[in-house]
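Have a look at the structure below before the remarks.
Just so you know, all these numbers are worked out from the coordinates, no wet-lab data involved. All values derive from a computational prediction rather than experimental measurement. A quick note on method: Cβ atoms are made from the backbone with ideal geometry, for glycine too, and the neighbour counts reach across all protein chains shown.
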Amino acid sequence: MAKTPRTAAPAKAKAKPAPDPGAAAKMPKAPSVKNTKPSSVKNAVAAKPKAAPSKASTKPAAAKTVAAAKPVVSKPAAGAAPAKASSASAPTTAPSKLPKALTVLAAGLPDKPWLKSYPKGVPAEIGPLPYSSIGDLLTAACKQFAGRPAFTCMGKDISYAELERQSAAFGAYLQSKGLPKGARVALMMPNVLQYPVAMMAVLRAGYVVVNINPLYTPRELEHQLKDSGAQAIVILENFANTLQAVIAKTPVKHVVVAAMGDMLGGLKGTIVNLVVRRVKKMVPAWSLPGHVKFNAALKAGAGMRFTPASVAAGDVAFLQYTGGTTGVSKGATLLHSNVLSNVAQNALWLEDAYAIKPKPAHLNFVCALPLYHIFALTVNALMGMQQGAQNVLIPNPRDIPGFVKELKKYPIHIFPGLNTLFNALLNNEDFRKLDFKPLILTLGGGMAVQKGVAERWKALTGCSISEGYGLSETSPVATANAFGSDKFTGTIGLPLPSTEIAIRDDDDNNVPLGEVGEICIKGPQVMSGYWNRPDETAKVMTKDGFFKSGDMGFMDERGFTKIVDRKKDMILVSGFNVYPNELEEVVAQHPGVLEVAAIGVPDEHSGEVPKLFVVKKDPALTTEALIAYCRENLTGYKRPKYIEFRTELPKTPVGKILRRALRE
């Protein structure tokens with residue numbers, strides 16, 4: 001559940017910074033993620049204040065619980081980012097005297113007010129993790145649920161047992177290419193059966209998954225491949241021409257090309273490939289010399305010996321790319337322990353839903369959100385497998401009639417989605433005829449769920465939408481409403497077990513309950529840092545280990561948090577982050593543009609869409625020409641929907657463009 005955008009809330013006065021100068025002390029420079037982890041991320045246990053709503057208790061017993069919840073992290077292999085220092089080595093008793101700055105942070109605030117609002121039976125901490133790697137978790141699930149379908153796509157099932165065998169075969173193929181442990185392998189596919197096979201293979205073989213949006217332009221793809229240092233890529237043929245345009249400029253040496261029909265069976269697969277290539281013409285001509293077809297790689301790997309890698313909890317599992325204050329896409333470095341912790345947190349939270357409606361013998365998840373997005377990756381693919389569920393993959397959720405036709409085939413129990421998807425389904429007549437009695441949980445993330453949509457969903461399905469919140473940097477879920485509740489709260493809910501939320505001012509002081517500040521997050525699911533970007537890591541990690549989300553909100557006395565605005569200028573389009581700096585940088589390169597500014601404006605369907613304000617250099621420049629230029633250089637959701645020409649742009653005295661004035 002990537003970022004949730006602003007939701008309506010009354011304005012609140014912001015707390016004045018405490019006078020103590022120590023509270024505003026500069027955070028020490030964070031080292032490179034690739035070579036060493038930021039020391040501030042997880043090892044501030046010894047300096048926990050006594051009574052802050054966002055701090056762990058300083059009682060010895062609580063300190064021991066937190067330490068136990070984090071597995072011992074061993075040194076990762078060369079080439080992978082090493083682990084954070086484990087909190088297990090921190091003192092288990094409170095310091096006799098808190099540092100002055102942290103005393104200011106803790107002053108006068110209740111301790112974790114959200115705990116009193118927790119669903120019955122849900123613990124405050126997740127406890128020790130049962131597995132040290134995601135590969136171990138998934139392999140255990142495949143053995144436990146061997147005979148069940150794990151993933152279904154276009155009417156074709158792959159069982160847990162088949163997934164284990166095929167991931168081992170593909171892992172063996174990757175190992176045969178001589179890739180070292182910790183090598184980055186890019187996955188550039190929509191929701192097709194090849195994705196879970198490749199994802200599980202990469203993790204079991206000791207490599208790092210780099211998820212890439214298949215709709216990226218060559219420019220965007222080139223940046224991500226070069227920044228991650230990916231040596232291999234698995235890509236659907238529909239997008240191979242994009243890779244062709246940039247591969248020579250990247251470190252990629254091994255290319256595996258998949259086709260839509262690869263895993264659908266002989267006749268059906270052949271027909272699907274024929275339709276996709278020849279009838280719908282969805283595969284532009286491409287040439288990638290030396291590439292290997294996905295099925296050929298599987299066949300070759302099946303004849304090889306697969307050796308599961310020795311993977312520690314502190315090894316890197318995913319580079320999940322996101323934007324930031326600079327607008328340059330950065331890799332959120334997610335360790336195996338980060339993602340495993342979030343799976344454990346969500347599993348505990350899910351028990352509340354089962355308390356209301358018991359878990360069925362054969363659980364079904366709808367997977368309409370893309371698996372390359374952190375929300376579906378954790379909540380659908382990993383949580384689904386941990387639960388022994390069947391994930392129904394929807395390659396193209398924009399095709400609402402086709403989507404509904406798939407939904408008719410299965411009883412649906414867990415439905416993660418986002419506001420625009422729920423709204424589109426509610427407006428489909430065939431969807432309204434479905435049987436919703438099996439529905440246990442509807443989980444809303446990616447963007448704010450509108451109250452009107454939530455009310456219509458509840459009226460039709462009998463199931464409330466439980467809204468949650470998180471980011472790529474938090475693996476992703478940080479907060480959620482109670483899954484067993486029948487009420488739509490309009491908030492982002494409560495911090496999950498082992499998670500702390502602090503609401504802070506610009507000087508990193510906690511503000512009183514009910515006052516607006518920046519939402520800061522601490523927990524075992526928080527990333528270790530940005531890949532090879534200690535400068536960007538330092539901007540978002542506090543000295544006491546909190547991640548600064550960039551979202552503004554307030555916490556009420558019950559511990560529920562409500563987002564009221566965004567500190568960053570990020571634009572949220574149907575759950576995807578769009579960064580004004582990136583748009584401005586691209587458009588400014590057009591020879592007819594003198595100056596440009598980008599903002600987000602409300603949109604009924606997408607939540608927000610980009611709007612450009614342009615000062616012409618060439619008087620003959622037209623809207624149509626700029627739109628065509630953006631189409632060549634930006635992914636669909638990043639492209640501006642509106643372009644307004646102006647003679648000048650509002651600026652500060654030093655010449656910085658005032659986006660705020662453009663919004664007014």
- Query: What is the gain in length, in nm to one decimal, between ALA300 and LEU513 on full extension, counting 0.36 nm per residue of separation less the C-alpha to C-alpha distance?
  - Reply: 70.7 nm
- Note on the structure: Between the modelled labels at ASP157 and ASN427 (7 Å from Cα along Cα→Cβ) the distance in nm is 3.6
- Query: Taking the Cβ of GLU351 as the center, what net charge do the other residues with Cβ under 11 Å away carry, scoring Lys and Arg +1 and Asp and Glu -1?
  - Reply: +1
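Just subtract the alpha-carbon distance of THR307 and THR623 from 0.36 nm times their residue separation and send over the number in nm, one decimal.
Working it through step by step, the gained length comes to 108.1 nm.
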- Query: Relative to the present Cα-Cα distance, how much length would full extension add between TYR354 and THR270 at 0.36 nm per residue of separation?
  - Reply: 26.1 nm
- Query: About the Cα centre of segment 255-350, what is the dipole size in debye to 20, counting +1 per Lys and Arg Cβ and -1 per Asp and Glu Cβ, all else neutral?
  - Reply: 560
- Query: Any idea what the relative contact order of segment 571-663 is, in percent, if you count C-alpha pairs under 8 Å spaced at least 6 apart?
  - Reply: 28
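Set the bar at 27 Å for Cα to Cα. Now go through LYS249/LYS330; LYS433/LYS611; LYS112/LYS487; LYS226/LYS293; LYS616/LYS656 and name every pair that lies beyond it.
From LYS249/LYS330; LYS433/LYS611; LYS112/LYS487; LYS226/LYS293; LYS616/LYS656, over 27 Å: LYS433/LYS611.
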- Message: Please list, in order, the residues from segment 386-417 whose amide nitrogen is less than 11 Å from a point placed 7 Å along the Cα→Cβ vector of ASP435.
- Response: 409-412
- Could you name the aspartates and glutamates whose alpha carbon sits less than 15 Å from that of LYS359, not counting residues in the same chain fewer than 8 places away? GLU351
- Message: In segment 406-434, whose amide N lies under 19 Å from the spot 7 Å out along Cα-to-Cβ of ALA459? List them in ranges.
- Response: 419-434
- Task: Pick out, in residue order, every one of the trypsin sites (Lys or Arg not before Pro) in segment 409-462 that is DSSP loop and has at most 12 other C-beta atoms within 10 Å; say none if there are none.
- Result: LYS409
- Computed from the beta carbon distance with a Förster radius of 22 Å, FRET efficiency for GLU557 and ASP506 to the nearest 0.05 stands at 0.40
- Note on the structure: Inter-part gap, Cα centre of segment 107-182 to Cα centre of segment 608-664, in whole angstrom, is 43
- Give the shape of segment 338-486 as rounded, prolate or oblate, defined through the alpha-carbon gyration tensor: a ≥ b ≥ c are the square roots of its eigenvalues, a/c under 1.5 means rounded, and otherwise the shape is prolate if a/b is larger than b/c and oblate if not. rounded
- Sorting TYR642, TYR530, TYR372, TYR629 on the 10 Å Cβ count, fewest up front, what's the list? TYR642, TYR629, TYR372, TYR530
- Query: Among MET541, MET263, MET154, MET527, what is the fewest-to-most ranking by other Cβ atoms within 10 Å?
  - Reply: MET154, MET263, MET541, MET527
- By the C-alpha gyration tensor axes a ≥ b ≥ c (rounded if a/c is under 1.5, else prolate when a/b exceeds b/c, else oblate), the shape of segment 571-663 is oblate
- Task: Taking the Cα centre of segment 571-663 as origin, work out the dipole magnitude from +1 charges on Lys and Arg Cβ and -1 charges on Asp and Glu Cβ, in debye rounded to 20.
- Result: 260
- Message: Suppose each label sits 7 Å from its Cα in the direction of the beta carbon; what would the VAL564-HIS362 distance come out to in nanometres?
- Response: 5.0
- Simple spin-label estimate for VAL328 and GLN144 in nanometres, 7 Å along Cα-Cβ: 4.3
